[in-house]
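Here's the structure we're looking at; comments come further down.
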Amino acid sequence: MHQDDVLAALRTVNDPELHRDLVSLGMVKGVRVDGDRVDVHVELTTPACPLRGTIEADVRRAVEAAGARDVRVEFSARVAPPAQPALPGVKHVLLVGSGKGGVGKSSVAANIAASLAADGARVGLMDADVYGPSIAHMMGASGEKVTATEDRKMRPLERHGVKFISMGNLSPAGQALVWRGPMLHSAVQQFLKDAAWGELDYLIVDLPPGTGDVQLSITQSVNVTGAVIVTTPQDVALIDAARAVDMFRKASVPILGVVENMSYFVAPDTGITYDIFGRGGARKLGGLTVLGEVPLDTEVRQDADGGVPSVLAHPQSAASVALRSVARTLAGRVSVQALDVLPMV
Ligand SMILES: Nc1ncnc2c1ncn2[C@@H]1O[C@H](COP(=O)(O)OP(=O)(O)OP(=O)(O)O)[C@@H](O)[C@H]1O
């Protein structure tokens with residue numbers, strides 16, 4: 001077998017999300033042929049690729065059909081940057097918003113961040129919920145204070161492989177912030193621009209609930225890749241979620257998908273499923289991708305209070321499986337968006 005035969009075979013394998021073949025997408029980084037054995041090195045567009053298994057099976061099938069006996073696929077990953085990086089060193093800024101408070105937005109943001117980091121991405125988590133910061137607590141760093149770097153930037157804290165900054169790490173615990181719009185604007189700008197985030201693939205931003213100054217301030221000042229809306233499935237939450245959707249659309253921020261949190265509850269003693277808030281409601285937000293349905297689960301709350309996101313503390317639970325799938329599907333959508341604007345090779 002010749003290397004060119006392998007490349008020809010790989011030209012028939014499409015990335016299932018990007019709908020173009022691996023060779024023209026530049027994802028084939030190496031091919032080695034040694035008799036019947038073929039090694040293929042594929043570079044994924046995110047380490048959190050939800051379709052790694054499918055790509056591996058498709059590559060193997062195509063190269064075997066071309067005559068190889070022993071096909072080995074090795075993966076690496078490089079997050080595809082958008083046409084314009086969000087901030088120096090930061091590829092993608094992803095906003096996590098909600099219409100209503102208390103729907104689990106911060107929990108979902110923390111779990112997405114932890115899951116992407118566990119998959120090997122470089123991840124930051126910025127708590128823009130300045131009035132009700134909960135990220136410090138959920139990451140297990142309530143008592144910690146942010147320090148300054150030598151060039152007087154804020155040094156993000158780091159836990160569970162995620163760099164983060166929360167007002168909870170700047171202001172004394174339990175004290176209310178009484179700030180006007182311009183002060184909020186400047187606090188959020190400092191978190192974004194005066195923090196030493198370093199090189200990040202994804203900066204996840206936990207927005208305050210609703211549609212206010214902070215949301216506007218961020219969408220107007222950085223090149224945001226897209227937003228995720230977290231909602232619970234009942235009508236009162238969906239009405240507010242629809243408002244958040246409208247706000248992002250008006251600000252020209254693409255909506256990458258919706259997470260239906262507290263979607264259902266499986267009683268641990270009987271195994272009976274209860275659709276407490278009406279599972280499937282998020283589909284009523286017409287035309288948006290539902291990234292996942294996360295069940296109501298005592299462990300999600302306990303893990304948040306214990307400072308370790310559930311995807312790490314209880315990776316096998318149904319909620320963690322759903323949250324991990326949300327994170328990977330989101331990463332896939334980000335890749336599609338980033339590569340869509342690139343010219344055909
Ligand atoms: N799927 C879930 N199962 C059980 N508890 C959950 C789930 N999601 C979130 N919670 C809990 O619900 C509470 C509210 O969650 P969280 O703080 O993430 O919501 P939020 O939408 O960010 O709230 P806020 O409006 O204050 O920003 C927390 O105690 C959290 O641990």
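The values are calculated or read from the model by the stated rules, or taken from the named source; none is laboratory data. As the structure is a computational prediction, the values presented were derived from the model and not from experiment. Cβ sites come from the backbone with ideal geometry, for glycine too, and all protein chains shown count toward neighbours.
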Which of the residues that make up region 300-320 are surrounded by 16 or more Cβ atoms within 10 Å (Cβ to Cβ) and either more than 6 Å from the ligand (Cβ to nearest atom) or modelled with pLDDT under 95 (or both)?
303, 307, 308, 309, 310, 311, 312, 313, 314, 317, 320
Which members of region 105-129 meet the condition of being part of a loop (DSSP other than H, G, I, E, B) and either of a type in the set (Val, Ile, Thr) or away from the ligand (no atom under 16 Å from the Cβ) (or both)?
119, 120, 121, 122
Subset of region 264-318 (residues that are in a helix (DSSP H, G or I) and farther than 21 Å from residue 159 by Cα)
281, 282, 283, 284, 298, 318
If you check residue 334 against the conditions, is it crowded, with 20+ Cβ neighbours inside 10 Å and more than 16 Å from the ligand (Cβ to nearest atom)?
yes
Note on region 255-281: residues hydroxyl-bearing (Ser, Thr, Tyr) and buried (at least 18 other Cβ atoms within 10 Å of the Cβ) are 263, 264
Restrict the check to region 219-231 and report whether at least one residue is over 18 Å from the mean Cα position of the chain (by Cα), away from the ligand (no atom under 16 Å from the Cβ) and farther than 12 Å from residue 285 by Cβ.
yes
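Let's see how each residue does on (1) in contact with a helix residue (DSSP H, G or I) (Cβ under 6 Å, 6 or more places away or on another chain); (2) touching a residue at least 40 places away in the same chain (Cβ under 8 Å); (3) surrounded by fewer than 21 Cβ atoms within 10 Å (Cβ to Cβ):
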position: 11; (1), (2), (3): no, no, yes
position: 32; (1), (2), (3): no, no, yes
position: 38; (1), (2), (3): yes, no, no
position: 47; (1), (2), (3): no, yes, no
I'd like to know if region 198-213 contains one or more residues that are assigned to a helix (DSSP H, G or I) and either at pLDDT below 90 or surrounded by 14 or more Cβ atoms within 10 Å (Cβ to Cβ) (or both).
yes
Could you please tell me which pairs satisfy a Cβ distance under 9 Å, a separation of 6+ or placement on different chains, a first residue in region 135-148 that is assigned to a helix (DSSP H, G or I), and a second residue that is surrounded by 19 or more Cβ atoms within 10 Å (Cβ to Cβ) and acidic (Asp, Glu)?
135/127; 135/129; 135/206; 136/127; 138/303
Do we have any residue at all in region 271-293 that's within 12 Å of the ligand (Cβ to nearest atom), within 21 Å of the chain's Cα centre (by Cα) and farther than 29 Å from residue 188 by Cα?
yes
In region 95-104, is there at least one residue being in contact with a helix residue (DSSP H, G or I) (Cβ under 6 Å, 6 or more places away or on another chain), more than 16 Å from the ligand (Cβ to nearest atom) and small (Gly, Ala, Ser)?
no
